[in-house]
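Visitor: Below: one structure in structure tokens.
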Amino acid sequence: MTTGGIPCMLMRGGSSKGAYFLATDLPADPHERDDLLLRIMGSPDERQIDGIGGGHPLTSKVAVVSRSADAQADVDYLFLQVIPDRAVITDAQTCGNLLAGVGPFAVERGLVPAGGDITAVRVRILNPAVNYAEARVRTPGGRVSYDGDTVMAGTPFPAAPVTLRFPGAATSIFPTGRLADRLAGLDVTCAHAGMPVVLVRAADLGLDGAEPPEDLENNAGLRATIEALRLEAGPVMGLGDVRDTTVPKITIVSPPRHDGTVTTRTFIPHRVHAAIGVLGAVSVAAAVRTAGTVAHIPAGSLVRIEHPTGTFDVDVTLDGTGPDTRLHTSSVVRTARKLSDGLVWPRTGKASA
Ligand code: NQM
């Protein structure tokens, strides 16, 4: 039983918010770690009132960071999604938004020395499969600077930019081996360029595509259709039984409204995202740029993804053609901010008790 406080930094990472820990400050055993994190975050409880979680999937997130033993990386990043109303933590997905805070956190904790005005932090993303990213963090005078003029849709206030660059992959973006599939009676495209996403046209669901997230969440028939689609998509995307995981995400696509490339509404997978996830956006952008998908729109390397609170620009380049299309590289600009740094106090007992 833990009786002492545990070092924790609260950060906004992109359009999400989460608790950042050094791996060395948490139990090494995953079961013990998850039990402790549930008690820190306040799960299971929809409001997470007895913990530091925000009562929504986008504000109930954990980043576990450590020095990397991999020569290609400075730090390792393990992402954990804490389900607010269930005693469940899943490592079945990563989070590109929380990733935006990993570089600043690594410098703040002394895992990476600040190197001039910009410090490049090489991150090994541990889950769900090993992947890499480079985060460029502003560090004038050897300290992380969070202040800046970059306004990122999904966050009302400007801050310093954090550029995230993802390398390409040797595997196809289309895990079913097809550009389009028929699942749960719908024409869809299954894409995975860092986040497994199923794209479906709004019109095929009888939607306009620009509905507010609350309207979509309150539509019980739609929610049932989305879940049926998700459960069918899991196995064909190689994800197995996805009943208890947060993947794949379902992105509803329709024509752009504001000079963007495409309009999106994304189920993550039960609530609707206030914006769109980072790697989710990369996967959507890759599908949008590939002829033969249900979302194809001829576009240059810049794909402007409209979402409920603005537009998310993804720069994406691809290799190969058709079902063999692969990600060459992608990059996005996010912001992050340290909100608090101190100790957190878990409730005692067992999380599921
Ligand atoms: O897709 C939400 C978020 C995310 C994940 C989600 C993310 C990503 O916005 O890389 O960032 O899709 O569950 O934080």
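Visitor: Kindly establish whether residue 50 is acidic (Asp, Glu), part of a strand (DSSP E or B), more than 15 Å from the ligand (Cβ to nearest atom) and at pLDDT 95 or above.
Guide: Considered against the rule, which asks whether it is acidic (Asp, Glu), part of a strand (DSSP E or B), more than 15 Å from the ligand (Cβ to nearest atom) and at pLDDT 95 or above, residue 50 comes out as no.
Visitor: Next question, about the same structure. Just a yes or no: is a residue in segment 339-349 in a loop (DSSP other than H, G, I, E, B), basic (Lys, Arg) and within 16 Å of the ligand (Cβ to nearest atom)?
Guide: No, there is no match, as no residue in segment 339-349 is in a loop (DSSP other than H, G, I, E, B), basic (Lys, Arg) and within 16 Å of the ligand (Cβ to nearest atom).
Visitor: Something else: Could you grab me the full set of residues in segment 22-47 that are in a loop (DSSP other than H, G, I, E, B) and among the basic types (Lys, Arg)?
Guide: 47 - this is the single residue of segment 22-47 that is in a loop (DSSP other than H, G, I, E, B) and among the basic types (Lys, Arg).
Visitor: Within segment 275-292, can you find the residues that are within 14 Å of residue 13 (Cβ to Cβ) and of a type in the set (A, V, I, L, M)?
Guide: Passing the criteria: 275, 278, 279.
Visitor: Determine whether segment 27-47 contains at least one residue that is touching a residue at least 40 places away in the same chain (Cβ under 8 Å) and touching a helix residue (DSSP H, G or I) at 6+ places or on another chain (Cβ under 6 Å).
Guide: No, the conditions are met nowhere in segment 27-47.
Visitor: Could I ask something else about it? Considering only segment 222-243, I want to know if a residue exists there that is in a loop (DSSP other than H, G, I, E, B), within 16 Å of the ligand (Cβ to nearest atom) and touching a helix residue (DSSP H, G or I) at 6+ places or on another chain (Cβ under 7 Å).
Guide: Our first condition is that a residue be in a loop (DSSP other than H, G, I, E, B); within segment 222-243, this holds for 237-243.
Still in the running and within 16 Å of the ligand (Cβ to nearest atom): 237, 239, 242.
After this cut, where a residue has to be touching a helix residue (DSSP H, G or I) at 6+ places or on another chain (Cβ under 7 Å) as well, the list is 242.
Checked segment 222-243: at least one residue is in a loop (DSSP other than H, G, I, E, B), within 16 Å of the ligand (Cβ to nearest atom) and touching a helix residue (DSSP H, G or I) at 6+ places or on another chain (Cβ under 7 Å).
Visitor: Would you mind finding the one in 137, 151 that is touching a helix residue (DSSP H, G or I) at 6+ places or on another chain (Cβ under 6 Å) and assigned by TED's automatic domain parsing to the domain that holds residue 63? Spell out the reasoning first.
Guide: Working: 151 fails: touching a helix residue (DSSP H, G or I) at 6+ places or on another chain (Cβ under 6 Å).
Answer to the selection: 137.
Visitor: Take the residues in segment 257-294 that are of a type in the set (D, E, K, R) and surrounded by fewer than 23 Cβ atoms within 10 Å (Cβ to Cβ); name whichever of them is nearest to residue 234 (Cα to Cα).
Guide: Checking each candidate, the answer is 271.
Visitor: Restricting to segment 187-217, name every residue that is over 23 Å from the mean Cα position of the chain (by Cα) and more than 19 Å from residue 290 (Cα to Cα). It would help to see each step written out before you state the result.
Guide: Initially, segment 187-217 is screened for residues over 23 Å from the mean Cα position of the chain (by Cα), giving 187, 203-208.
Scanning segment 187-217 gives 203, 204, 205, 206, 207, 208.
Visitor: I need a count of the residues in segment 67-89 that are surrounded by 19 or more Cβ atoms within 10 Å (Cβ to Cβ) and in a strand (DSSP E or B).
Guide: Matching residues across segment 67-89 total 9.
Visitor: Follow-up question, since we're still on this one. So, in segment 244-256, of the ones that are in a loop (DSSP other than H, G, I, E, B) and at pLDDT 95 or above, which residue ends up surrounded by the most Cβ atoms within 10 Å (Cβ to Cβ)?
Guide: 248
Visitor: Let me ask something additional. For residue 139, only one of the following conditions fails: (1) modelled with pLDDT of 95 or more; (2) crowded, with 19+ Cβ neighbours inside 10 Å; (3) under 29 Å from residue 29 (Cβ atoms). What is its number?
Guide: For residue 139, the failing item is (3).
Visitor: For segment 296-322, which residues satisfy the criterion of being surrounded by 16 or more Cβ atoms within 10 Å (Cβ to Cβ), on the phi < 0 side of the Ramachandran plot and not in a loop (DSSP other than H, G, I, E, B)?
Guide: 303, 304, 305, 306, 307, 311, 312, 313, 314, 315, 316, 318
Visitor: In this structure, does residue 305 turn out to be at pLDDT 95 or above and in contact with a His (Cβ under 6 Å, 6 or more places away or on another chain)?
Guide: no
Visitor: If you don't mind, there's one more thing I want to ask. State the number of residues belonging to segment 89-120 that are modelled with pLDDT of 95 or more and either closer than 10 Å to residue 138 by Cα or more than 16 Å from the ligand (Cβ to nearest atom) (or both).
Guide: Looking only at that region, the number is 15.
Visitor: Condition first: surrounded by 23 or more Cβ atoms within 10 Å (Cβ to Cβ) and out of contact with any Leu (no Cβ under 9 Å at 6 or more places or on another chain). Now tell me which residues in segment 1-38 satisfy that.
Guide: 38, the sole residue that qualifies.
Visitor: So, restricting to strands (runs of 3 or more DSSP E) that lie completely within segment 156-217, which ones have at least 1 residues that are within 16 Å of the ligand (Cβ to nearest atom) and modelled with pLDDT under 95? Write out each step before concluding.
Guide: Working: elements: 161-167, 181-183, 186-192, 196-201.
Filter on segment 156-217 gives 161-167.
Visitor: In segment 256-294, what residues are small (Gly, Ala, Ser) and within 16 Å of the ligand (Cβ to nearest atom)? Lay out the reasoning, then the answer.
Guide: Restricting attention to segment 256-294, the residues satisfying the condition of being small (Gly, Ala, Ser) are 260, 274-275, 277, 280-281, 283, 285-287, 291-292.
Correct list: 274, 275, 277, 280, 281, 283, 285, 286, 287.
The values are calculated or read from the model by the stated rules, or taken from the named source; none is laboratory data. From a predicted model like this one, the values you see are computed outputs, not experimental measurements. Backbone-built Cβ (ideal geometry, glycine too); neighbour counts: all protein chains shown.
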